[in-house]
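Chemist: Let me give you the structure first, and then I'll get to my questions.
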Amino acid sequence: MVQPLATADVPVVPGGVEPWPLAALIHLQAGIIIIDGSSRVVFVNEWFLRRCGRTAQQLMGLPLAVAFPQLEGSYFCSRLAVSTRTGFPAMLSHSLHAPPLPLYMPHLVGHPPALLSQTVHIIPIGKQAARQSGKQLTLIQVTDVTPTVRREYLLRTRVDEMHLMARVDPLTGVGNRREFSESLDSEVRAALRAQESLGMLMIDIDHFKAYNDHFGHPVGDQCLRDVAGLLRRVVRRPRDRLARYGGEEFVVLLPGTPLSGVVEVGREILEQVRRLALPHTASPDGEIVTVSLGAAAMMPEGPEDGVALLRRADEALYAAKGAGRNRMVAQSTAGVHDTVH
Amino acid sequence: MKLDALTLDALTEIFNLGVGQAAHALSQIAGDSVLLTVPRVAVLSRSEVTDHMGGAGMASVSAVRQRFSGALNAEAVLMFPAERGLQLVQMMVGGELPLEQLAEMEQEALSEVGNILLNSVMASVADALRIELDGALPSVELSRVHDVLSPEQDPRGQVLLIDIQFEVAAREVQGLLAFLLDVASQGALEQMLGRFLQRLET
């Protein structure tokens, strides 16, 4: 088991590795380990020892894969072998590899040891220098990229959050108009590809201005939240989309649904809003909050674009309003209106 | 430096051996088969390369640069159209992050991909020509191709230009590998290739 807090002794500085500037390497704020031609450790610095929880005496002279058995057969070892053979430096970046070496964050008393995110550079002494010195040495440098990785993760999470926030209506928690426009485009394309119908419902709360004027905005907001919550319970298939389209207007996209299915969902909404029975004493038409709905569907045999579908659903909604509210009008592709009370 | 068709063919073979080894190493990382092919090798001047790439929509590039020294002094530069370099990394990682997002770690990954490729190709060259080369670590540059190749720096300098095609999980990225050789190394390379062809004949 790793002991991240083990204090390393001053590393043994072995003979035979000059002319490398060893004194500076010992104190370098990055991990340095040097191995000889038979992969035995001939130098290791303090940074490295502190993070692997060993002493220099424990590592010196050991083949690397014996000192760290998890390296046996690893990608790191195969790269090290190639690098030693060709004499060309190599690197293992954090993004493309799991951390190769068992190095842990020091000073985390009471916490499980955290493995460092690592970038590793393998730097062989080079053919010419090896020939001149008669020594086949390779320096391995380990950089702790944990803070960079964490920072990038944090920023990416924030960007994702902002991306999400830009698509949600803050009052009701359902999608906003931007989210709806984007999903409308992609759902129209998907419906054309799959030769499916695409259903749409426009929903408007009746006499909402009078409601707001009478009860005040906080109660009006609560009414919007209640209706949105109800819609969310009714519109629940994974691909269905619900958004707040404007002030008291909501829109629902129902992929793979013909007009008859859209009417079924609309009827359910009409019923459930009545059953919710939110008092609306200021309504000229009755005592409770009601909604009007416009239903339309794009059929595979008569394809249109998202704008045309939206226009037909909107026309149907106006027809429902004009016919006295608290009802749904469904507009078929032939332009025939059908009213559901 | 003038290389005849036979010599260019031999060079293409040497490079193909090198990228074959790189493809093996990259496949291990990607966990998916990475295909690398070298369709052709050409010798051009630096300004010809700069003009050619500007015309081919590669005026801005992601480049990985490595210096090699010894029997040949060369700078090897692997170049991709600016945004395609990071796309290659994403193909390797299998991620779907938007390209405009921060990419410090991706740049590091790109330098690893370049390092693997450049090392393999140069090792193949060194083996074939029986020469000794030393290499340096890679650096990444996101810059105009003119700044990467700086043609005015060495007007007589020639470039060995290699088209290179990456294919990961049915997605493709085209890159260019340029070896910038100083004048002495151009002569040396010609002689080495001559000896290499002689060895092939005997």
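Chemist: Would you check which residues across region A:50-63 are closer than 18 Å to A:THR138 by Cα and buried (at least 22 other Cβ atoms within 10 Å of the Cβ) and list them?
Modeler: Here is the first cut: in region A:50-63, the residues closer than 18 Å to A:THR138 by Cα are A:56, A:59-63.
Residue satisfying the conditions is A:LEU59 alone.
Chemist: Among the residues of region A:92-121, what is the count of those that are of a type in the set (A, V, I, L, M, F, W, C) and either in contact with a helix residue (DSSP H, G or I) (Cβ under 6 Å, 6 or more places away or on another chain) or within 14 Å of another protein chain (Cβ to nearest Cβ) (or both)? First the steps, then the outcome.
Modeler: Step one: filter region A:92-121 for residues of a type in the set (A, V, I, L, M, F, W, C), giving A:92, A:96, A:98, A:101, A:103, A:105, A:108-109, A:114-116, A:120.
Adding the requirement that they be either in contact with a helix residue (DSSP H, G or I) (Cβ under 6 Å, 6 or more places away or on another chain) or within 14 Å of another protein chain (Cβ to nearest Cβ) (or both) leaves A:92, A:96, A:98, A:103, A:116, A:120.
Looking only at that region, the number is 6.
Chemist: Something else about it: If we keep just the residues of region A:228-258 that are farther than 14 Å from A:ASP314 by Cβ and among the β-branched types (Val, Ile, Thr), which is surrounded by the most Cβ atoms within 10 Å (Cβ to Cβ)?
Modeler: A:THR257
Chemist: So A:MET91 fits all but one of (1) touching a strand residue (DSSP E or B) at 6+ places or on another chain (Cβ under 6 Å); (2) touching a residue at least 40 places away in the same chain (Cβ under 8 Å); what number is the exception?
Modeler: Result: A:MET91 fails condition (2) only.
Chemist: Among the residues of region A:234-256, how many are within 17 Å of A:GLU271 (Cβ to Cβ) and either free of Cβ contacts under 8 Å to residues at least 24 places away in the same chain or touching a Pro at 6+ places or on another chain (Cβ under 8 Å) (or both)?
Modeler: Of the residues in region A:234-256, 1 are within 17 Å of A:GLU271 (Cβ to Cβ) and either free of Cβ contacts under 8 Å to residues at least 24 places away in the same chain or touching a Pro at 6+ places or on another chain (Cβ under 8 Å) (or both).
Chemist: May I ask you to list the residues in region B:137-152 that are buried (at least 21 other Cβ atoms within 10 Å of the Cβ), touching a Ser or Thr at 6+ places or on another chain (Cβ under 7 Å) and away from chain A (no Cβ under 14 Å)? Don't jump to the end; show me each part of the working.
Modeler: If we filter region B:137-152 for residues that are buried (at least 21 other Cβ atoms within 10 Å of the Cβ), which is where we start, we get B:138, B:145, B:148-149.
From what is left, the residues that are touching a Ser or Thr at 6+ places or on another chain (Cβ under 7 Å) are B:138, B:145, B:149.
Selection gives B:VAL145, B:LEU149.
Chemist: Test A:THR157 against the stated conditions and say whether it is loosely packed, with under 12 Cβ neighbours inside 10 Å, out of contact with any Ser or Thr (no Cβ under 6 Å at 6 or more places or on another chain), of a type in the set (Val, Ile, Thr) and at pLDDT below 90. Talk me through it step by step, then tell me what you get.
Modeler: On the way: loosely packed, with under 12 Cβ neighbours inside 10 Å: yes; out of contact with any Ser or Thr (no Cβ under 6 Å at 6 or more places or on another chain): yes; of a type in the set (Val, Ile, Thr): yes; at pLDDT below 90: yes.
It is true that A:THR157 is loosely packed, with under 12 Cβ neighbours inside 10 Å, out of contact with any Ser or Thr (no Cβ under 6 Å at 6 or more places or on another chain), of a type in the set (Val, Ile, Thr) and at pLDDT below 90.
Chemist: Looking at region A:157-173, I want the residues that are under 22 Å from A:PRO218 (Cα atoms) and have a partner that is in a strand (DSSP E or B) with Cβ atoms under 9 Å, at least 6 apart or on another chain. Which pairs are those?
Modeler: Within 9 Å, the pairs are A:VAL168/A:GLY175; A:ASP169/A:GLY175; A:ASP169/A:ALA243; A:ASP169/A:ARG244; A:LEU171/A:ARG244; A:THR172/A:ARG244; A:THR172/A:PHE250.
Chemist: Say we look at region B:149-170 and pick out the residues that are over 16 Å from B:MET1 (Cα atoms) and of a type in the set (S, T, N, Q); which of these is modelled with the lowest pLDDT?
Modeler: Among those that are over 16 Å from B:MET1 (Cα atoms) and of a type in the set (S, T, N, Q), it is B:GLN153.
Chemist: Here's a follow-up. Testing B:ARG40 on (1) in contact with a helix residue (DSSP H, G or I) (Cβ under 7 Å, 6 or more places away or on another chain); (2) surrounded by fewer than 22 Cβ atoms within 10 Å (Cβ to Cβ); (3) under 27 Å from A:PRO89 (Cβ atoms), one condition comes back false. Which one is that?
Modeler: Of everything listed in (1) in contact with a helix residue (DSSP H, G or I) (Cβ under 7 Å, 6 or more places away or on another chain); (2) surrounded by fewer than 22 Cβ atoms within 10 Å (Cβ to Cβ); (3) under 27 Å from A:PRO89 (Cβ atoms), B:ARG40 misses just condition (3).
Chemist: Which pairs have Cβ atoms under 8 Å, sit 6 or more apart or on different chains, and link a residue in region A:52-76 that is closer than 19 Å to A:VAL120 by Cβ to one that is basic (Lys, Arg) and part of a loop (DSSP other than H, G, I, E, B)?
Modeler: A:ALA67/A:ARG54
Residue-wise test of (1) exposed (fewer than 15 other Cβ atoms within 10 Å of the Cβ); (2) more than 21 Å from B:LEU160 (Cα to Cα).
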site	(1), (2)
B:LEU6	yes, no
B:LEU11	no, no
B:ASN16	no, no
B:ALA25	no, yes
B:ILE29	no, yes
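Chemist: Then there is this: Counting only residues that are closer than 14 Å to B:LEU177 by Cβ and more than 8 Å from every other protein chain (Cβ to nearest Cβ), give me the strands (runs of 3 or more DSSP E) lying completely in region B:20-136 with at least 2 of them. Steps first, please.
Modeler: Numbers: elements: B:34-37, B:41-45, B:60-70, B:74-81, B:133-135.
In region B:20-136, B:34-37, B:41-45, B:60-70, B:74-81 are the strands (runs of 3 or more DSSP E) which contain 2 or more residues that are closer than 14 Å to B:LEU177 by Cβ and more than 8 Å from every other protein chain (Cβ to nearest Cβ).
Chemist: Step by step: first the residues of region B:153-189, then only those that are more than 20 Å from B:GLY70 (Cα to Cα) and among the acidic types (Asp, Glu), then the one that is surrounded by the fewest Cβ atoms within 10 Å (Cβ to Cβ). Which residue is that?
Modeler: Here the answer is B:GLU172.
Each row is one residue, and each column tells you yes or no for (1) under 13 Å from A:THR290 (Cα atoms); (2) modelled with pLDDT under 95; (3) in a helix (DSSP H, G or I).
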| position | (1), (2), (3) |
| --- | --- |
| A:LEU201 | no, no, no |
| A:ASP204 | yes, no, no |
| A:ASP213 | no, yes, yes |
| A:ARG225 | no, no, yes |
| A:LEU230 | yes, no, yes |
| A:ARG239 | no, yes, no |
| A:ARG244 | no, no, no |
| A:VAL251 | no, no, no |
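Chemist: Only one of these conditions is not met by A:GLU152: (1) crowded, with 16+ Cβ neighbours inside 10 Å; (2) among the acidic types (Asp, Glu); (3) more than 14 Å from every other protein chain (Cβ to nearest Cβ). Which number is it?
Modeler: Condition (3) is where A:GLU152 drops out.
Chemist: In this structure, is A:PRO89 of a type outside the set (Phe, Trp, Tyr) and modelled with pLDDT under 90?
Modeler: Criteria not met by A:PRO89.
Chemist: I've got another one for you. Being in the same structural domain as A:GLN272 (by TED's automatic domain parsing) and touching a helix residue (DSSP H, G or I) at 6+ places or on another chain (Cβ under 9 Å) narrows it down to one of A:VAL142, A:VAL174, A:VAL149, so name that one. Write out each step before concluding.
Modeler: Numbers: A:VAL142 fails: in the same structural domain as A:GLN272 (by TED's automatic domain parsing); A:VAL149 fails: in the same structural domain as A:GLN272 (by TED's automatic domain parsing).
Within the list A:VAL142, A:VAL174, A:VAL149, the selection yields A:VAL174.
Chemist: Is at least one residue of region A:184-191 among the small types (Gly, Ala, Ser), touching a Ser or Thr at 6+ places or on another chain (Cβ under 8 Å) and either assigned by TED's automatic domain parsing to the domain that holds A:GLY37 or buried (at least 19 other Cβ atoms within 10 Å of the Cβ) (or both)?
Modeler: Going residue by residue through region A:184-191, those that are among the small types (Gly, Ala, Ser) are A:186, A:190-191.
If we keep only those that are touching a Ser or Thr at 6+ places or on another chain (Cβ under 8 Å) too, we end up with A:191.
Checking which are either assigned by TED's automatic domain parsing to the domain that holds A:GLY37 or buried (at least 19 other Cβ atoms within 10 Å of the Cβ) (or both) leaves us with A:191.
Yes: region A:184-191 contains one or more residues that are among the small types (Gly, Ala, Ser), touching a Ser or Thr at 6+ places or on another chain (Cβ under 8 Å) and either assigned by TED's automatic domain parsing to the domain that holds A:GLY37 or buried (at least 19 other Cβ atoms within 10 Å of the Cβ) (or both).
The values are calculated or read from the model by the stated rules, or taken from the named source; none is laboratory data. Please read all numbers here as calculations on a predicted model, not as lab measurements. With ideal geometry, Cβ positions are generated from the backbone for all residues, glycine too; neighbour counts draw on all protein chains shown.
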